[in-house]
Amino acid sequence: MIEKEKNFVSAVIYIHNDGKRILNFFDMILQTFEENFLSSEIICVNDASTDESLDNIKKVSQSATSTNISVINMTHYHGVELAMNAGVDLAIGDFVFEFDSVAQDFSAETIMQVYRRSLQGYDIVSASPSGNRETSSKFFYWLFKKFNPESLSLDTERFRILSRRAINRVTSMNKVVPYRKAVYAASGFKTDVIDYSPKENISIVRTSEENDYRERLALDSLLLFTDVGYKLTMNLTKIMMLFTAFVGIYAIVTYLFGAPVAGWTTTIIFLSFAFFCLFGILTVIVKYLQLVMNLIFKRKRYNFESIEKLTAR
């Protein structure tokens, strides 16, 4: 007889045209929750699916006995980040599982292993499949770590669990969470990653709409959470300032030792000075924009991992 967990858990599942895979995945999540938890809920975020995804969700939900099941139908395609934000906002569990896809290469035991790990003092625990990574993913995570001021390390994840206090802090930090994985890593709470051996190699087939969204998300995340845009702009500005200074010096040398056309030297020196000042102004503007973004978007007064009460009176 399994002694069920008393914590209320929620599962938020992202669905976009996953009708062929949702049946087995949803059934596994439902069975795991009902066997291991006294109270649970499953929230499916239907991101404008055009296939039989919604019908299959309704079909599997009929077998639920103790788990509450809800579906959020998005008005149009939002992408995984905004859609999952909607699901997490609706979740009321003490712990919330986030399943960004229904790719099922893990077992029910992996879900419980991640949950039990969170009970050991970790507010955010992720499940990461061991093995090869997509080249594009490895390159993105390398860039993110290299240019992130806090050197946050990210990796491919299948799902994660968050404590209620972690969700509350993330919500207080940002009204809008454009890239949850980065915000969770920067929350300051203790995090951990559970590596597991995939049951099978799953190839995730994405539509052109999803691929375009992932490319935009990667670019937006690098600009918002790293210094790659700022450093690239500053370096290009410095190169152009040096180039304009070189052109000005070249014009002076040509005037002294050559025979330039009348008015050429004055024009080139004026243009070099003007462009030098222009790039200098752009440097100030770029720095100003970075400061504004840090104060508004990345605002956080401090982060702490935990509080220990050493005496109680």
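Here are a few things to note about the model shown:
- Measuring r between the beta carbons of residue 31 and residue 155 and using R0 = 25 Å, the FRET efficiency lands at 0.35.
- For the set 84, 240, solvent exposure ranked by accessible area (probe 1.4 Å, protein chains only) runs largest to smallest as 240, 84.
- Largest accessible area first, the residues 144, 275, 95, 8 order themselves as 275, 8, 95, 144 under a 1.4 Å probe with ligands, DNA and RNA left out.
- Restricting the calculation to Cα atoms, the chain yields a radius of gyration followed by a Dmax of 26.2, 99 Å.
- CD proxy at 222 nm, helix term only [per DSSP H run n ≥ 4: -39500 (n - 2.57); per residue of the chain; nearest 500]: -17000 deg cm²/dmol
- Amide H contacts of residue 42 (H built 1.01 Å from N, under 5 Å, at least 5 apart or other chain): 11, 68, 69, 70
- Under the Karplus curve 6.51 cos²θ - 1.76 cosθ + 1.60, θ = phi - 60°, whole-Hz ³J(HN,Hα) for segment 255-260, x wherever Gly or Pro sits: 5, 7, 10, x, 9, x
- Amide H contacts under 5 Å for residue 37, placed H, 5+ residues apart: 5
- Between 252, 29, 194, the residue with the greatest mean-square fluctuation in the GNM of the chain (Cα pairs under 10 Å linked by springs) is 252.
- Derived scalar couplings between HN and Hα for segment 16-24 equal 9, 6, 10, x, 6, 10, 5, 4, 5 Hz in order, rounded to whole Hz, by the Karplus curve 6.51 cos²θ - 1.76 cosθ + 1.60 (θ = phi - 60°), x for Gly and Pro.
- For a straight C-alpha distance cut-off of 20 angstrom, the aspartates and glutamates reachable from residue 4 (same-chain residues fewer than eight places away being disregarded) are 27, 34, 35, 41, 94, 109.
- 3J(HN,Hα) along segment 97-112, derived from phi through the Karplus expression 6.51 cos²θ - 1.76 cosθ + 1.60 where θ = phi - 60°, amounts to 8, 10, 10, 6, 7, 9, 5, 10, 10, 10, 9, 5, 5, 5, 4, 6 Hz, with x in place of Gly and Pro.
- Flagged links, alpha-carbon separation over 28 Å, of 190/231; 20/199; 190/287; 138/231; 58/138: 190/231; 190/287; 58/138
- For the pair residue 90 and residue 274, label points projected 7 Å from Cα toward Cβ lie 5.9 nm apart.
- Long-range HN-HN contacts of residue 119 with modeled amide H, under 5 Å: none
The values are calculated or read from the model by the stated rules, or taken from the named source; none is laboratory data. If you're wondering where the values come from, they're calculated on a predicted model, not measured in any experiment. All Cβ positions, even for glycine, are placed from backbone atoms using ideal geometry, and neighbour counts span all protein chains on display. Heads up: the accessible areas ignore ligands, DNA and RNA and are worked out on the full protein's heavy atoms, side chains in. Shrake-Rupley method; radii C 1.70, N 1.55, O 1.52, S 1.80 Å.
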